[in-house]
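Colleague: Mind looking over this structure? Questions follow.
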Amino acid sequence: MGVAFAAPPGSEWSRVSRRYVWYRRLVLAAVLVPGGGAGAFLVGGVFTAAAGAAWVVACVVLGGLGWYAAVLTGRSWAYAEGQADLYLCHGVVVRQLVVVPYGRMQLVDVTANLLEQGLGIATVRVYTAASTVEAYIAGLPLDEATRLRDRLAMRSETYSTGL
Amino acid sequence: MSEDQEPTQPRSAAWLAERHGRESEDTAPGQRPPTWSGGWFGLRGQGRGEGDRNGHSGASRPDATPPGREPSGPGEGGLLPAMREVTPPTGRRGATAAPGAPQPTFGPPPPSGSGPPSVSGPPPESGLTPPSGSPASGPPTTSASPPPPLSASPSAPAPGAASRLAATGSLPAAAPAPADPAGGFGGDRPEGRPRFEPAWQVLPQVSAPAPAGWRPYRAPTRPAPPPRPAGGGEQVRFLPPNGNAAPVPPPVPTSPYPPAPPFRPEADITRGEHRLHMATVPLRVLMVTLVFFATLGVALLGLGPEFGLSLAVGLTLVVSLVSCAYSVAAWQATTFELREDHLVLRTGLLRRVAREVPLSRLQAVDIVRPLIIQVLGLAELRVELAGGDRGEVRLRYLSLRTAQRLRAAVLAHAAGLAGQTPEAPEWRFFHLSFGRLLGALAFRIPVLAGSALFLALIAVGIVFAELGVLGGAIPLLLALMRGFLGPLLRYTDFRASLSPDGLRLRYGVLQTRMQTVPPGRVQAIRIVQPVLWRALGVVRLEANVAGYVGERQMDSSTLLPVVPRNLAFTLVDHLFPGTDVASVRLEPARRGWSRYDALGVDDTVLVTRRGLLCRVTEIVPHVRVQDIRLVEGPVSRLLGVASVVVDTAPGPARAWAVGRDRAEACRIVETVAAHAREARAGSEGPERWVTRGDIPAGR
């Protein structure tokens, strides 16, 4: 299961780091482990112990599914720098391809939360005047993210036009 | 402005032919109107052959008057601003068409011919796909005799259309105006009235006492302007009054700019620092006092008849004195100035803030007059920019004349003209009668269902003497008030006009508002037709304007609340100059929600249609595309379809093309990206639309 759409002509899809898969897994674990544990206690206390055990089993199953889904998610992210546009691709269930012209980029951000910093990855966000819509690539290695941001900023100046 | 001009006239004649028996959305398909020489208006020669239809993106209009147009009236030379063409020099209607194109009205043809069935009502058929570029095969359904000049109509329209042109006879041929049977579309109309004039309402500043109708772009109450020096350069913008020369009516302008107004004794708002109107102070004090008394004062009254009253009154007095002092100081400290290209606003008592607003980035200008302010003859001026919630400059309150003058000056600066340029003229485009507004607002499923439910609840409550129904009836009543009474009161007396400085919308009775959307500021347009409005043949037109954000967006982004469908698409062509929405071929969706889903991509514009019950047409010019998305959900993936979404500046319009084949969707994305790239490369921004350089706009 690769990238959902074809790359723009003349360029190849660039993938995100493998560490993004671990990022997703860790986030999932951070949610499921306390949720499963506390939930098991609660459910076991309110209902029968079997219900609590069922809760734990459900959490484990979800965790297992999420473990492999993280791989799919990691594989679905891709970006490509076309002639005049940036192509972004992401999503497993709802797959999206976003084309952002360089001349329309108002802002390019590189952000990393604590977990991303720990893993050495970052997210590049591109803002256009259509501010309700966000185009971003998650899980890039930090230096690649900064290089991409610099390239995008430079190109957006070159190609920029009015609103 | 636009409909008076040459280029749209042949179009609209064809429209009228199509309207008989067919709901045509706008221009005759496949027609490219001839260009005309400009107006308010830079007379710039270069540019694309098609030119801009509304003439205020000055760069691309050719100088030459289009073929077939002869100058109308005596004493007027060849190179004229196009507005003169609409001034019929004589009383003959035929002369109105002397410019070579018909001036059909938006009503049914005059009784001189056996005319087609009345089209004053909504076009009988809906569901047609007008933008699908259906060939000009509509039969010329009118047999009214065409006026003689029509046969000399310009060769620019397609031959098939020319025959339709000649045959429409919707031009009130030789029949006098008052005999117009345009059902309810207004009584006597002066000749040369622009075509799409369902009802004639003369606005004060463009009232024309001249017998023949429209005058060239001068307020008729002003004295004749001083004559221009012969061979005056293009850059002459403001002439001092020349007492020596006798005034020459009407002078042939050798400069593209309108003649400057004579010296006026009042303060020139366009120069120097000015303050707000002095009545602002007592108004503010009054409001603060009232609010304080209504909230705290009433609470204090409860403390006891004597003590509470004196305390309330005393505190209110103290508050009003303090607010008086503060308001006077704030009034003193607030000034605004119109500099070269900037509006400088200085406010603040302790912390002085000087805000400099570049007018070339102007998005919209509004004049708002709530009830009390109207009574006092004041107005609030709002200048909208693209900077989000803080991108707004509000001047409360100015006298009405000052506000209008300032508005004209701000728009002139934004257009690249000098601030002293007189206010641009306007042509009425549409007047929404109260009956139509009321009927359309009421004839919607939520309103009808809500009122039926409300009545049922009240009836049950009365019959069974049950007060509990109020728990449901009151929220329902509030919702009805918001959804029905709100727009009704807001859009009473709605008039839309076109003008070189933008689309002007005037509406409201209790709170009057005048919105101006300068050319090029509309990012995308959405035309909504709820299911019951199909029977009425009206739609609602909403637009994304970059200046209207947040709550202002919900307020102001509806440009035309209720409008006949044809007119809506006319306006689209005016708002997006250089586009021709009618000629866009629409490809239906493979598997959309309904058969109405379709997508059309032109060189200039992208049109999407979707909706099962409520039909939505979204129009995005390529130059305004911000980004493009291709979205595929799990169900769509199973069906092998995808959706394409084209994003623009935030607003109600967002183009969704649903149900496209996957491969086709990828191609669409590529195509739109390529068109957007070309469009961006070819266009300057919409700043200074009259005087900017020769780069074709809107392409």
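Colleague: Return the residues of segment B:670-699 that are within 9 Å of chain A (Cβ to nearest Cβ) and modelled with pLDDT under 80; say none if nothing qualifies.
Modeller: Those that are within 9 Å of chain A (Cβ to nearest Cβ) and modelled with pLDDT under 80: B:A681, B:S683, B:E684, B:G685, B:P686, B:E687.
Colleague: Within segment B:410-428, is there a residue that is farther than 14 Å from B:D501 by Cα and at pLDDT 90 or above?
Modeller: Looking through segment B:410-428, none of the residues is farther than 14 Å from B:D501 by Cα and at pLDDT 90 or above.
Colleague: Have a look at B:L510, B:L485, B:L477 and point out the one that is of a type in the set (A, V, I, L, M), in a helix (DSSP H, G or I) and touching a residue at least 12 places away in the same chain (Cβ under 8 Å).
Modeller: B:L477 is the lone residue from the list that is of a type in the set (A, V, I, L, M), in a helix (DSSP H, G or I) and touching a residue at least 12 places away in the same chain (Cβ under 8 Å).
Colleague: I need every pair where a residue in segment B:660-677 that is without any contact (Cβ under 8 Å) to a residue 12 or more places away in the chain has its Cβ under 7 Å from the Cβ of a residue that is buried (at least 17 other Cβ atoms within 10 Å of the Cβ) and of a type outside the set (D, E), sequence separation at least 6 or different chains.
Modeller: Hits for this filter: B:R677/A:A84; B:R677/A:P101.
Colleague: Something else: Restricted to segment B:519-542, and to residues that are away from chain A (no Cβ under 14 Å) and within 16 Å of the chain's Cα centre (by Cα), which residue is surrounded by the most Cβ atoms within 10 Å (Cβ to Cβ)?
Modeller: Only one residue fits best here, namely B:I525.
Colleague: Across segment B:365-390, which residue is modelled with the lowest pLDDT among those that are buried (at least 18 other Cβ atoms within 10 Å of the Cβ) and among the small types (G, A, S)?
Modeller: This residue is B:A386.
Colleague: Find the strands (runs of 3 or more DSSP E) located wholly in segment A:30-120 whose residues include 1 or more that are within 13 Å of chain B (Cβ to nearest Cβ), among the β-branched types (V, I, T) and surrounded by 12 or more Cβ atoms within 10 Å (Cβ to Cβ), and list them.
Modeller: Ranges flagged: A:95-101.
Colleague: Could you tell me which residue of segment B:618-648 is farthest from the other protein chains (Cβ to nearest Cβ), considering only residues that are crowded, with 24+ Cβ neighbours inside 10 Å and in a helix (DSSP H, G or I)?
Modeller: B:H622
Colleague: Among the numbered criteria (1) surrounded by 15 or more Cβ atoms within 10 Å (Cβ to Cβ); (2) assigned to a helix (DSSP H, G or I); (3) modelled with pLDDT of 90 or more, which single criterion is violated by B:A329?
Modeller: (1)
Colleague: A further question on this structure: B:R552 - would you say it is modelled with pLDDT under 90 and basic (K, R)? Steps first, answer last, please.
Modeller: Working: modelled with pLDDT under 90: yes; basic (K, R): yes.
So B:R552 fits the description; yes.
Colleague: On to the next question. Condition test on B:A408, is it buried (at least 17 other Cβ atoms within 10 Å of the Cβ) and within 14 Å of chain A (Cβ to nearest Cβ)?
Modeller: No: the conditions fail for B:A408.
The values are calculated or read from the model by the stated rules, or taken from the named source; none is laboratory data. The model shown is predicted, which means the values in this text are computed figures rather than measured ones. Counting neighbours? That spans all protein chains shown, and the Cβs are built from the backbone with ideal geometry, glycine included.
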